[in-house]
2 protein chains.
Amino acid sequence: MAYVILNKTTIINYLNTINSVTSYFGEHELEVDEIGDGNLNYVYIIKSKTDPQKALILKQAVPYLRCVGEEYPLSKERMTYEIRALQLFTSTTSAYIPKLYDVNETMSTVIMQFLGEHLIMRKGMIAQITYPDFADHISTFLAQNLFKTSSLHLNSTEKRQLIDRFNQNTELCKLTEDFVFTFAFMEHETNDVSSGPEVGSEISSEISPEVMSLFSDLAFKQGVLGLKYKFMTQTDALLHGDLHTGSIMLNQDETFVIDPEFAFVGPYGFDIGALIGNLIMSYASHVAVNSAQAYLAWILQTIEDVLVLTQDKFLNLWQEQKESALITEGFINETSLTLYKNEFMLNMLKDTVGFAGCKMARRMFGIAGVADIREIEDDVQKEKAINITLKIAKLFVKNYQNITSVKDVMQLIEENGH
Amino acid sequence: MAYVILNKTTIINYLNTINSVTSYFGEHELEVDEIGDGNLNYVYIIKSKTDPQKALILKQAVPYLRCVGEEYPLSKERMTYEIRALQLFTSTTSAYIPKLYDVNETMSTVIMQFLGEHLIMRKGMIAQITYPDFADHISTFLAQNLFKTSSLHLNSTEKRQLIDRFNQNTELCKLTEDFVFTFAFMEHETNDVSSGPEVGSEISSEISPEVMSLFSDLAFKQGVLGLKYKFMTQTDALLHGDLHTGSIMLNQDETFVIDPEFAFVGPYGFDIGALIGNLIMSYASHVAVNSAQAYLAWILQTIEDVLVLTQDKFLNLWQEQKESALITEGFINETSLTLYKNEFMLNMLKDTVGFAGCKMARRMFGIAGVADIREIEDDVQKEKAINITLKIAKLFVKNYQNITSVKDVMQLIEENGH
């Protein structure tokens, strides 16, 4: 069928045309509710009236930004890339992707498992919930996907085909180029900070001198430019593209990655960095509001574990891979390959740190703010959280090329995280 | 029309269907000759019988490697990428591309200016001809094309469209991955060296211990692997892809770049490095055969000029560019941008040196050899040329990351070029 925007009334008929959905629900009567928190898309929950445990999610992209309206056009083809990424991630690490019941590039829809017993990770962390298995889960997701979509696993032809399938996700890549690497660090209408004295007090009270200082920090901006260039020109692997703690739903047993509409083939460190950056912002918020030491310790341990485990698992996959676009069996011996791998993983870590810094710094403006910090009620505490974040972010962006180990990274966080 | 392989007889009818060709020749009667030196393709010269000054070249790709035959299939779509590259280069620097009269992706043909008064540069250099304007010409070609197809000039959408137009040139990229970065440095059937004692004396006499030592040089192989990874994953700009001195035709006044069938979006340093590497091999050959000091000095000066002028011209273009995918006006001040540009140009130089090293080292096997060295008759002199080339190549591949200036590069060449 041709693309039409679905609504609560038309969804039921649409669902009746899809075998995997009708066989899931059987003869149950269905009810449809809209979930209001989709920023970009319409998200509906479809439930059985007789068995509320039976539920699926339908997500549809519309040709504009849902949270703003039709005056902010955004191509609905973004769902094409989300669909392709969900399918690809499912093929490599199905345990961490909601089960897919139907995808339709023409309708820009995906129908998938309803995660009724899982929380958005950002909310969980604000509520000081620990997730002991999270680092293990997400590092498997990261290592599997980064490795298996790279030139260390694919052959030359497969890698080029992968690039072809995601290369045209231009609009969303451009959003990242603009909002993560550019507008946040200059005078721009999209920021919550304006150049003149007419700034309303309510807004300007949120802008610390530290934030303002980004505008004139030359070494920081030089670093951001280098990282933006990497983002645009380094085709390591298929990325989720927006892997913050709001793109993760989890509980004590399970971890799911959602919303990969920003997917593209880019630098390894961008996904890992997005995640680490968001964990550090959570850490900064908990330091600022004097949360329990045990929770702070869990966050730090999680950051370290994500970095170390992703690296270890990536290397394990590499160890098993004898042939790929990069490696031809018999080309190089183990000793020499190990040296190359060390250099390779260190570059990945450096990029991770740099991208984490960009992701953190750009969140310090109200419009892009993270709830972890934005929702701190006490102004002094909030400013403290912002200052900690910015201190670490700046150090990351300015010094990422000098990082030599995960220990370096942890030291930077701990020494500046207060 | 559908694809058919042309021959001397059918070409005339084919040409009669093309307006730009009929209007070029007018009513003249034509004669067609095959030029035998095409390795990959059929190349014909079409001449007016009455005015031999009037001539065009027709080049057609066939679905196999012409110099080997149908048993070595190679997709004729390689001509598609050659056509696209010729058109793009013409749009940026028409002075250095033969005038195009007709291109046809379906027929895999290109009809272009006949360069009757120009010599293949490799042959010119073997004959010790100096080309005083060459460095100026080729640096303009390099700077214009590398800059104008990069994220420093194009916007984000244009850059992704460019990648789309060349991304599927898989087969020829794979040839480079295999033959420049892999097979030449390991035991492989495509090399002129075999592992056993059954190597014929005529062949083994060409293999110096220096060449053999590449197989076990761990640091060299580690460097090659890193450069191969860059080749596969760094999408800086549209490259010619095979810019050696055999892809350049010139005389004292004009310089033309031909044969860009290996074109793809890759690292800046690959084209510059290919050229520099080939100039160094010419230098090594002339050192070995005791050519005049003046000629040696001209080659060294040309290498230095190509490096310096390409850099200067690239920076001049950048200076005039206020907006691009990377740069948003107002993001960064001049001081800070200059620091970033210095870092950027240094990375380009480092990559250039690394790729030059790979290109040189891999040519040391008979099958891939360059005429400059292969055609040296005296065995001792030939071995000297090989040894100089390899010494420099190894230093380049192992140390390219430590290069800090063009002066460093020239010093490496001069100190080891004897």
Count of region A:406-418 residues which are open to solvent by 40 Å² or more (accessible area, probe 1.4 Å) and part of a helix (DSSP H, G or I): 5
Those residues of region A:129-187 which are among the β-branched types (Val, Ile, Thr) and under 26 Å from A:ASN251 (Cα atoms), in sequence order: A:ILE129, A:THR130, A:ILE138, A:THR140
Condition broken by B:THR90, with the remaining ones in (1) within 14 Å of B:ILE248 (Cα to Cα); (2) open to solvent by 10 Å² or more (accessible area, probe 1.4 Å) satisfied: (1)
Failed item in (1) open to solvent by 40 Å² or more (accessible area, probe 1.4 Å); (2) part of a helix (DSSP H, G or I); (3) assigned by TED's automatic domain parsing to the domain that holds A:LYS313, with A:LYS159 passing the rest: (1)
Among residues of region B:266-297, those that are farther than 12 Å from B:HIS244 by Cβ and touching a His at 6+ places or on another chain (Cβ under 9 Å), counted: 4
Single residue of region B:395-405 satisfying the filter (in a helix (DSSP H, G or I) and either open to solvent by less than 30 Å² (accessible area, probe 1.4 Å) or outside the structural domain of B:ILE272 (by TED's automatic domain parsing) (or both)) that is farthest from B:ASN278 (Cα to Cα): B:TYR400
Residue list for region A:12-24, filter: crowded, with 19+ Cβ neighbours inside 10 Å and over 13 Å from A:ASN104 (Cβ atoms): A:TYR24
Given (1) within 14 Å of chain B (Cβ to nearest Cβ); (2) more than 21 Å from A:LYS123 (Cα to Cα); (3) among the basic types (Lys, Arg), number of the condition A:ARG362 does not satisfy: (2)
Residues that are under 18 Å from the mean Cα position of the chain (by Cα) and either polar (S, T, N, Q) or in a helix (DSSP H, G or I) (or both), drawn from region B:92-120: B:THR92, B:THR93, B:SER94, B:ALA95, B:TYR96
All positions within region A:204-244 that are of a type in the set (Ser, Thr, Tyr), crowded, with 19+ Cβ neighbours inside 10 Å and touching an Asp or Glu at 6+ places or on another chain (Cβ under 8 Å): A:THR233
Residue match in region A:110-132 (condition: touching a residue at least 24 places away in the same chain (Cβ under 8 Å) and within 14 Å of chain B (Cβ to nearest Cβ)): no
Filter pass, A:LEU15 being in contact with a helix residue (DSSP H, G or I) (Cβ under 6 Å, 6 or more places away or on another chain), in contact (Cβ under 8 Å) with a residue 40 or more places away in the chain and in a helix (DSSP H, G or I): yes
Subset of region B:266-321 [outside any helix (DSSP H, G or I) and at negative phi]: B:GLY266, B:PRO267, B:VAL289, B:SER291, B:ALA292, B:GLN321
Flag for B:LYS123 being modelled with pLDDT under 95, open to solvent by 60 Å² or more (accessible area, probe 1.4 Å), basic (Lys, Arg) and not in a loop (DSSP other than H, G, I, E, B): no
Checklist (1) closer than 24 Å to B:GLU171 by Cα; (2) assigned to a loop (DSSP other than H, G, I, E, B) applied to B:VAL43, failing item: (2)
The listed residue being in contact (Cβ under 8 Å) with a residue 12 or more places away in the chain, under 23 Å from A:GLU414 (Cβ atoms) and open to solvent by 10 Å² or more (accessible area, probe 1.4 Å), out of A:LYS313, A:LYS382: A:LYS382
Every residue from region B:319-336 that is facing chain A (nearest Cβ under 7 Å), under 19 Å from A:MET212 (Cα atoms) and in contact with a Lys or Arg (Cβ under 6 Å, 6 or more places away or on another chain): B:ILE332, B:SER336
Top-ranked residue in region B:35-57 [being within 20 Å of the chain's Cα centre (by Cα) and free of Cβ contacts under 8 Å to residues at least 24 places away in the same chain; ranked as surrounded by the most Cβ atoms within 10 Å (Cβ to Cβ)]: B:VAL43
Residue, farthest from B:PHE89 (Cα to Cα), within region B:141-185, restricted to residues that are within 7 Å of chain A (Cβ to nearest Cβ) and within 15 Å of the chain's Cα centre (by Cα): B:GLU177
Residue pairs meeting the criteria (Cβ under 6 Å; at least 6 apart or on separate chains; first farther than 22 Å from A:LEU243 by Cβ and charged (D, E, K, R), in region A:176-198; second surrounded by fewer than 17 Cβ atoms within 10 Å (Cβ to Cβ) and modelled with pLDDT under 70): A:GLU187/A:SER195; A:ASP192/A:ILE203; A:ASP192/A:GLY366; A:ASP192/A:ILE367
Search result, residues across region B:58-82 that are outside any loop (DSSP other than H, G, I, E, B) and buried (at least 16 other Cβ atoms within 10 Å of the Cβ): B:LEU58, B:LYS59, B:GLN60, B:TYR64, B:LEU65, B:ARG78, B:MET79, B:THR80, B:TYR81, B:GLU82
Filter result (part of a strand (DSSP E or B) and within 14 Å of chain B (Cβ to nearest Cβ)) within region A:232-263: A:GLN234, A:ALA237, A:LEU238, A:LEU239
Breaking point among (1) surrounded by fewer than 16 Cβ atoms within 10 Å (Cβ to Cβ); (2) more than 14 Å from every other protein chain (Cβ to nearest Cβ); (3) of a type in the set (A, V, I, L, M, F, W, C), for A:LEU346: (2)
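The values are calculated or read from the model by the stated rules, or taken from the named source; none is laboratory data. Keep in mind that this is a model prediction, so the values were computed, not measured. Note: ideal-geometry Cβ built from the backbone for every residue, glycine included; neighbour counts use all protein chains shown. Calculation scope for accessible area: heavy atoms of the full protein, side chains included, ligands and nucleic acids excluded. Shrake-Rupley method; radii C 1.70, N 1.55, O 1.52, S 1.80 Å.
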